[in-house]
Amino acid sequence: MSEERFGEFVLVRRHGEGHVAELALDRPKAMNAVSTAMARSVGAACAALAEDRSVRVVVLTSTHERAFCVGADLKERNSFTDADLLRQRPVTRGAYTAVLELPVPTVAAVHGFALGGGFELALSCDVIVADPTAVVGLPEVSVGVIPGGGGTQLLPRRVGAARAAELVFTARRVAAEEARELGLVDQLVPEGRDREEALELAARMAANSPVGLRAAKRALRLGHGLDLRAGLEVEDAAWRSVAFSGDRAEGVAAFNEKRAPRWPGE
């Protein structure tokens, strides 16, 4: 396993043959509160991973024992002028967008608090794995703002408009069991196993065609919210992008020869 640090607060680990990249939030003294510096590091790490064609899946984790991420760094923001806050906005927004727009499948591993921007980082991933200690929520209206890392758009896409409205307007925190029932998280795993289970899930994903994975994610993301006819056109375009690829040829050959595929990734 290799490691690379982005700034002071983000660590990227490569697992196995490097096809699974773990993006670890590593600001334990602040329970991974998202400061300006941390937001820049998340954006930089995602930019590097997006450009790396050897990466097939990204797993978002935390090095803190009791928290995934508690959201925006309100201590830092308390010192801000209005001009400071306005200057910070593109940086913080860029961090959430960078996770959301990763071209490969993404899995969040959540334990402890995942609140506000912390939960929005998880919502920006394709799949959320959580353990029983997880507590999630979007409490922004309780401090006079609104979810600004994609929460008002991503949450209703997961749980529906009315449920998202109730959660955002009450600012309530949701414990792991209810979060699973409501669809706020996708898998509930034994305590302390969120990271390991997420990495195992990522490894199963990464065994598949890298060309296929990227195209499937593109079709899922671009087609969401479109009417069926338009969505099928998005799917057809994604299919055409892989139909004549080396991965498709290798996949068919490996199936017929009853062997594991050796993906060329093109």
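The values are calculated or read from the model by the stated rules, or taken from the named source; none is laboratory data. Every value quoted in this text rests on a predicted model; they were computed, and no experiment measured them. Every residue, glycine as well, gets a Cβ built from its backbone with ideal geometry; the counts of neighbours run over all protein chains shown. Protein only, heavy atoms only, side chains kept; ligands, DNA and RNA dropped before computing areas. Shrake-Rupley method; radii C 1.70, N 1.55, O 1.52, S 1.80 Å.
Between the alpha-carbon centers of region 217-257 and region 63-133, tell me the distance in whole angstrom.
30 Å
What net charge is computed for the residues neighbouring A175, neighbours being all others with C-beta under 12 Å from the C-beta of A175, Lys and Arg scored +1, Asp and Glu -1? Don't skip to the end; give the middle numbers.
Values: positive: R172, R173, R180; negative: D131, E177, E178, E181.
Spelling it out: positives minus negatives among the neighbours equals -1.
If the cut-off is a Cα-Cα distance under 19 Å, which lysines reach K29, setting aside same-chain residues fewer than 8 apart in sequence?
Once the sequence-local lysines are set aside, what remains near K29 is K75.
In percent, what relative contact order does the chain have, based on Cα pairs under 8 Å that are 6 or more apart in sequence?
15 percent
Could you sort D236, D131 by their accessible area in this structure, using a 1.4 Å probe and putting the largest first? Don't jump to the answer; show the numbers that get you there.
Details: D236 55, D131 5 Å².
Largest to smallest exposure gives the sequence D236, D131.
Rounded to the nearest 500, what is the 222 nm mean residue ellipticity of the chain from helices alone, with -39500 (n - 2.57) per DSSP H run of 4+ residues and division by all residues? Walk me through the numbers on the way to the answer.
Values: 11 runs with 127 residues, N = 266.
Counting only the DSSP helices, I get -14500 deg cm²/dmol.
In whole percent, and with a 1.4 Å probe on the protein chains, what portion of the accessible area of the chain is carbon and sulfur? Write down the numbers at each step before the final one.
On the way: 7380 of 13370 Å².
Answer for the chain: carbon and sulfur cover 55 percent of the accessible area.
Once each part is reduced to its C-alpha centroid, what is the distance from region 42-56 to region 172-190 in angstrom?
Taking the Cα centre of each part, region 42-56 and region 172-190 sit 28 Å apart.
Where only protein heavy atoms count, and the probe is 1.4 Å, what is the accessible area per residue for region 3-207 in Å²? Numbers along the way, then the final one.
Details: 9090 Å² over 205 residues.
Result: 44 Å² of accessible area for each residue.
Report the residue, chosen from G71, G116, G192, that carries the largest GNM mean-square fluctuation when the chain is represented by alpha-carbon nodes joined by springs under 10 Å.
Per the Cα network of the chain with a 10 Å cutoff, G192 tops the list.
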